[in-house]
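What follows is one structure encoded as structure tokens, with my remarks underneath.
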There are 2 protein chains.
Amino acid sequence: MTPTRIKLDRGRGALGPALELVHTGRAPTRAVLTTELGVTRATAGAVATELQALGLITVDPRPHAASGAQGRPSHRLDIAADGPVVLAVQVHADGYRVALVGLGGRIVATAPACMTVDADPARIIGDAVAAGAELLAATGRRCLGAGLAVPSAVAEPEGTALNPLHVAWPAGARVHDIFRDCLAAAGIGVPGRCGNDVNLAALAEHRHGAGQGSQHLLCVATGHRGVGGALVLDGRLHTGSAGLALEVGHLIVDPAGRACHCGARGCLDVETDPLALLETAGVTPDPALSPLDQARALLGEGHPAEPGTRQAVEQLVDRLGQGLATMVNVLNPDRIILGGLHQSLLAAAPERLRSVVADRSLWGRSGSVPILPCSLGHNSLVGAAELAWQPVLDDPATALAVR
Amino acid sequence: MTPTRIKLDRGRGALGPALELVHTGRAPTRAVLTTELGVTRATAGAVATELQALGLITVDPRPHAASGAQGRPSHRLDIAADGPVVLAVQVHADGYRVALVGLGGRIVATAPACMTVDADPARIIGDAVAAGAELLAATGRRCLGAGLAVPSAVAEPEGTALNPLHVAWPAGARVHDIFRDCLAAAGIGVPGRCGNDVNLAALAEHRHGAGQGSQHLLCVATGHRGVGGALVLDGRLHTGSAGLALEVGHLIVDPAGRACHCGARGCLDVETDPLALLETAGVTPDPALSPLDQARALLGEGHPAEPGTRQAVEQLVDRLGQGLATMVNVLNPDRIILGGLHQSLLAAAPERLRSVVADRSLWGRSGSVPILPCSLGHNSLVGAAELAWQPVLDDPATALAVR
DNA sequence: CGGATTTGTTTCACGGCTGCACAAAGTGAG
DNA sequence: CTCACTTTGTGCAGCCGTGAAACAAATCCG
């Protein structure tokens, strides 16, 4: 009988930012949400109510515990335990991984890891998406999007994989179209988005891992072969004008170094990847094993005892430091996160790496940037989910309303 | 007698974007403003009226001429001829320049160029600001801000000049504080902002010159000594987390090259600046003259005839191309603008430079980025003005209301 | 001169937000 | 235990910016 019933549609503009705050764990309570959003309590209340009505979060009036602070305890904001999910797929050199990921980067369900390689990307991606469809059917969760991480540069806006060497795909494979077709074939009526695995790992680390709070996050990681880089600026991936930025593998880090297929000598790629460590340490790589695993085995727990290995590590650390310093001079990040073998090199000789970066970068200040290891288990997978969540984070009401 | 009189304060939110469109010449008429803003004609009309009321633009009902198009001609939008200005100061190796700059990057008044150098930045900046105060008094224009361009990296947020070598200032000079104090001493009650000259030149080129429309603009330029870089992302300067990004002078472009004071060999700085050209061409530089002028004189009009010079030019072009390719791989810009000697090198051997960049960058596509020369006369000076205009462009109503 | 077309103007409505007043829920001192 | 105090949630009035729609104005074209 009340004249104005649905007047609760307040707070549409702040919905996206609010959801992002909860998603990244920066708004555990409604009071924090209010201050972080910079709005009034009334607005924050309307926004929280709306997000709860959308089934994305829960608002719990009971406080977290004895907060210890004075005043009325604030309502807790949690991600809805039975809320919607997105489908995340990561293709890597040895196979693929599939998972359903909820808000907050939480992996809700995982398919058994598959260790299959196939020169036809449609087969691999099709299998992965089919596994995802099974997961969705088994869990009964609503799916809002899908993301795919591939170990290759992905050109935008076409969505083609330019150098999918690790997975033996043809260069220029139209992974975006393939992914979309596979989703349609599996009956998952959501849009799919693709990205480079290191880029997506950086995004995941920024949202949920060691990159939280960084404004200019640089991420560098080795896969089995070669080096990838990524930059997250103000919370958004910077992929350049055509998706090809942060191709840092061919920065020259040792003028007298190995010859690279690119024509130059001493590229970061050939000087600091797993094969480089094996070769420098005088170990013949076993082609049946992953170079990354072999290199990590060589490093062992902490500092390797063997002098030859130790010297090889120091050489790689120096080369990596030179490369990072160059990136610091160009990009001036406020934090650096290392993954893959680079993460292990950091663990093996943290002080040496930091001092090389500081010495080789122009300003002591920019060179003293913190260098941290990755902190998430499956950061590329979670990053693929972030890609899928993005439309929801940008405009929750519209993204939830479409179907 | 009308009940609602001052109801014209509509359109505050779109005010900034609208002014920016007029400022950059992208909204010559009200109809274009409407489509560019993506709002209704009513909103665009209110916005235009408001900007006119603020004295920033004029709305002329008479069309530009015989437009040739059908329908009612749209009202012209012009920058107010007697509108407010900002004070722009550029300090360079030989002295300083002072100007009053209106919207649209138009230089309204200029003080006579001063050719004085002084190891005390406060003296130089003080003289320049005093000259600016005279200009303001003589023209009677309202001043809304002040910008200063210096030939040095400027650390943010402190505003210290880290390497003001060209001007013989002490490293770490607090140019921001000095500028602010000088403005106060001269009775110009506006905030001052400082920036690196190449950064500001890039900003000016993006707003009013060869960089218009670019989303990822890379700018590289030589001064008298050394190389500077700048990146304009989506219309905003990217200066990194501490203002120190795009320090591209020490990218390694020739492993067998000259020793650099940074400790490495073959840095872009020592391989492609004016002194490098003179040295490579076998010319002894005259310390009394500017190295840039001497290098340009060597190049002459177009292609130099002398074989030794020609060879030197090709070597520098190759080195520059290697450096640009490295930046392309890291930043993936959609356009490159060259200034200083690099601009002259581009003019002397455009095809060679473009092919080197394409060959040395990883993807043919990203390597085929357009490379253009600077197109503005005093781009650092205009860029300093852009810095000062920024608060007005962000929120015209507030910026105009303060005094 | 009269459609056709495009643009400027007026009016109305509405959605998102702020500001304010008040209620609710805790802490801490006596 | 009670009462001040602090902090947070909620309801209500109102403002401000924008969109939608109808109308008026200005030019081209036949």
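The values are calculated or read from the model by the stated rules, or taken from the named source; none is laboratory data. Predicted, not measured: the structure shown is a model, and the values here were computed from it. Cβ coordinates were reconstructed from backbone atoms using ideal geometry, including for glycine residues, and neighbour counts include every protein chain displayed. In case anyone asks, the SASA skips ligands and DNA or RNA and just uses the protein heavy atoms, side chains included. Shrake-Rupley method; radii C 1.70, N 1.55, O 1.52, S 1.80 Å.
Any idea how far apart B:ALA297 and B:ALA171 come out in nm if each label point goes 7 Å out from Cα toward Cβ?
According to this spin-label approximation, the distance is 3.2 nm.
Determine the dipole magnitude for segment A:15-79: charges of +1 sit on the beta-carbon of Lys and Arg, -1 on that of Asp and Glu, nothing else is charged, the reference point is the Cα centre, and the result goes in debye to the nearest 20. Show your work: numbers first, answer last.
Numbers: 6 positive and 5 negative charges, 49 e Å.
Dipole of segment A:15-79, to the nearest 20 debye: 240 debye.
Taking only the alpha carbons of segment A:15-79, what extent do you get along each of the three principal axes, in Å, biggest first?
That gives 31, 22, 20 Å along the principal axes, largest extent first.
Assuming a viscosity of 1.002 mPa s and a temperature of 20 °C, what translational diffusion coefficient in µm² per second does Stokes-Einstein assign to segment B:296-385, Rh being the Kirkwood radius over Cα pairs?
Once the numbers are plugged in, D ends up at 156 µm²/s.
Between copies, how close do the A:ASP234 label points come, placed 7 Å along Cα→Cβ, listed in nm from shortest?
0.6
Just want the answer: with Cβ charges of +1 for Lys and Arg and -1 for Asp and Glu, which residue in B:SER355, B:ALA44, B:PRO157 is farthest toward the dipole's positive end in chain B?
B:ALA44
Let a ≥ b ≥ c be the square roots of the eigenvalues of the Cα gyration tensor of segment B:135-253; is it rounded (a/c under 1.5), or, if not, prolate (a/b larger than b/c) or oblate?
Verdict is oblate for segment B:135-253.
At 1.4 Å probe size, with no ligands or nucleic acids counted, give the accessible surface of A:HIS75 in Å², nearest ten.
50
Using only alpha carbons, build the gyration tensor for segment B:265-336 and give me the equivalent ellipsoid semi-axes, biggest first, whole Å.
On the way: eigenvalues 118, 37, 27 Å².
In descending order the semi-axes read 24, 14, 12 Å.
Given just the C-alpha atoms of segment A:253-403, how large is their convex hull per residue in cubic angstrom? Could the numbers behind the result be given before it?
Values: hull volume 25.9 nm³, N = 151.
Output value, Cα hull per residue: 171 Å³.
Using only alpha carbons, build the gyration tensor for segment A:74-116 and give me the equivalent ellipsoid semi-axes, biggest first, whole Å. Numbers along the way, then the final one.
Numbers: eigenvalues 164, 14, 9 Å².
Ellipsoid half-lengths, sorted descending, are 29, 8, 7 Å.
How many partner chain Cβ atoms sit within 10 Å of a residue's Cβ in peptide A:324-331, on average, as a whole number?
Details: counts 0, 3, 8, 1, 4, 11, 14, 10.
Mean partner-chain Cβ count within 10 Å for A:324-331: 6.
Run the numbers on segment B:213-373 and let me know its relative contact order in percent, using alpha-carbon pairs under 8 Å that are six or more apart. The partial results should precede the final answer.
Values: 297 pairs, mean separation 39.1, N = 161.
Value for segment B:213-373: 24 percent.
Provide Rg and Dmax in Å for segment A:149-210, with only Cα atoms included in the calculation.
12.7, 37
Between copies, how close do the B:PRO370 label points come, placed 7 Å along Cα→Cβ, listed in nm from shortest?
So the distances to the same position in the other copies read 4.2 nm.
Using amide H atoms built in the peptide plane, which far-off residues or other-chain residues are under 5 Å from B:THR58 H to H?
Amide H to amide H, under 5 Å and 5 or more residues apart or across chains, B:THR58 pairs with B:ASP78, B:ILE79, B:ALA80.
For chains A and B related by rotation, which residue of A has the Cβ nearest the axis, and what is the rounded distance in Å?
So the closest residue, with its distance, comes out as A:PRO255, 1.
Calculate the dipole size of segment A:213-373 relative to its Cα centre from +1 charges on Lys and Arg beta carbons and -1 charges on Asp and Glu beta carbons; express the result in debye to the nearest 20. Each step should come with its number before you reach the end.
Values: 12 positive and 16 negative charges, 69 e Å.
Dipole of segment A:213-373, to the nearest 20 debye: 320 debye.
For chain A, restrict the atom set to alpha-carbon positions and state the Rg and Dmax in Å.
Calculated on Cα positions, Rg and Dmax stand at 22.8, 84 Å.
Considering amide H positions built from the backbone, and no H for Pro or chain starts, which residues 5 or more places from A:LEU144, or on another chain, come under 5 Å of its amide H?
A:VAL85, A:VAL86, A:LEU87
What is the set of long-range amide H partners of B:GLY211 at a cut-off below 5 Å, with H atoms built 1.01 Å from backbone N?
B:HIS206
Show log10 I(q)/I(0) for the protein assembly as shown at q = 0.09 Å⁻¹, two decimals, from a solvent-free Debye sum over equal Cα scatterers.
Treating every Cα as an identical point scatterer, log10 I(q)/I(0) equals -0.99.
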